[in-house]
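Data block below; observations after.
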Amino acid sequence: MAEQPPDTPVRAAEGGRSDRLLSARHQHARPNRPAARGLGARPCSSRASWVWPWERGQTALEAVLDVLTELAAEKWVSVEYGVQSIHQNSLQWLQRGHDFTCCESAINRTLSRGLNVAVHLILGLPGESRDEMNATAEAMARLRVNTVKLHNLHVVRDTPLATLWQAGGVRLPSLEGYAAEVVDFLERLPPDCVIDRLSGDAPSEFFIAPQWSQDKLAVRRAVEGEFARRGTRQGSRWVG
């Protein structure tokens with residue numbers, strides 16, 4: 001297996017593609033791993049990954065972890081948690097119904113079983129400063145989660161956020177601004193943390209804004225361009 005080139009700015013796995021930003025190396029190490037999928041309540045019939053649908057941050061029950069640990073002896077298992085942010089004000093604004101302590105406990109208990117942990121995080125939440133977003137990155141680095149999936153705050157039809165955005169109550173970042181936030185974030189993650197997603201989106205019939213987040217290639221290029229402009233890479237500011 002070829003080693004990842006040293007100038008690769010971000011370690012990632014997405015859809016089996018391999019290039020300067022998106023590396024398939026992690027998939028090679030786990031040959032049964034499927035491409036990224038949406039959350040579901042059951043294991044994929046022809047694949048070897050299980051994505052647990054507890055994106056409300058509930059503490060993982062030991063009985064559930066027992067089942068997943070047993071399954072992991074035969075198949076590649078990934079447990080995904082919708083952390084979104086470590087900041088209580090943001091979690092309350094999102095009406096998540098949990099605090100970060102709940103997520104932290106679940107992540108630690110899952111990692112202690114030797115299971116792969118992926119976390120979903122939102123960048124650009126109203127009221128969160130760049131320093132606060134960076135603090136979330138540093139918390140994920142301390143926890144040593146295996147995989148990170150980043151979502152930009154985006155607006156979909158028939159939601160309270162859509163109403164708020166249309167009334168001018170929420171500002172969404174530009175593509176360039178978001179790319180800078182992503183690079184700040186990734187610089188603080190360990191180099192071996194897999195980045196499975198750089199931005200969020202929704203089906204076109206529901207999606208409202210920002211339009212740039214529908215173009216995944218443009219987002220990736222903007223992130224690569226910001227790394228190149230700074231001369232940095234994932235892990236540049238990580239304190240191991």
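For segment 156-240, which chymotrypsin sites (Phe, Trp or Tyr not before Pro) pass both filters: DSSP loop (anything but H, G, I, E, B) and at most 14 other C-beta atoms within 10 Å?
When the chymotrypsin sites (Phe, Trp or Tyr not before Pro) of segment 156-240 are filtered for loop state and at most 14 Cβ neighbours within 10 Å, F206 remain.
Set the Förster distance to 51 Å, then compute FRET efficiency between R109 and T163 from the Cβ-Cβ distance, nearest 0.05.
Values: r = 38 Å, r/R0 = 0.74.
In this case the efficiency is close to 0.85.
What nm distance separates the two modelled labels at T101 and S174, each placed 7 Å from Cα along Cα→Cβ?
Rounded to a tenth, the inter-label distance reads 4.2 nm.
Under a crude label model (7 Å from the Cα following the beta-carbon direction), how far is E70 from R144 in nanometres?
Simple spin-label model gives 2.8 nm for this pair.
Counting only the heavy atoms of the protein chains, how much of L61 is accessible to a 1.4 Å probe, in Å² to the nearest 10?
100
The values are calculated or read from the model by the stated rules, or taken from the named source; none is laboratory data. Only a predicted model underlies this, so the values are computations on that prediction, with no experimental measurement involved. When we count neighbours, we look across all protein chains shown, and the Cβ atoms used for this are built from the backbone with ideal geometry, even at glycine. Just the protein is used for accessible areas: all its heavy atoms, side chains included, with ligands, DNA and RNA removed. Shrake-Rupley method; radii C 1.70, N 1.55, O 1.52, S 1.80 Å.
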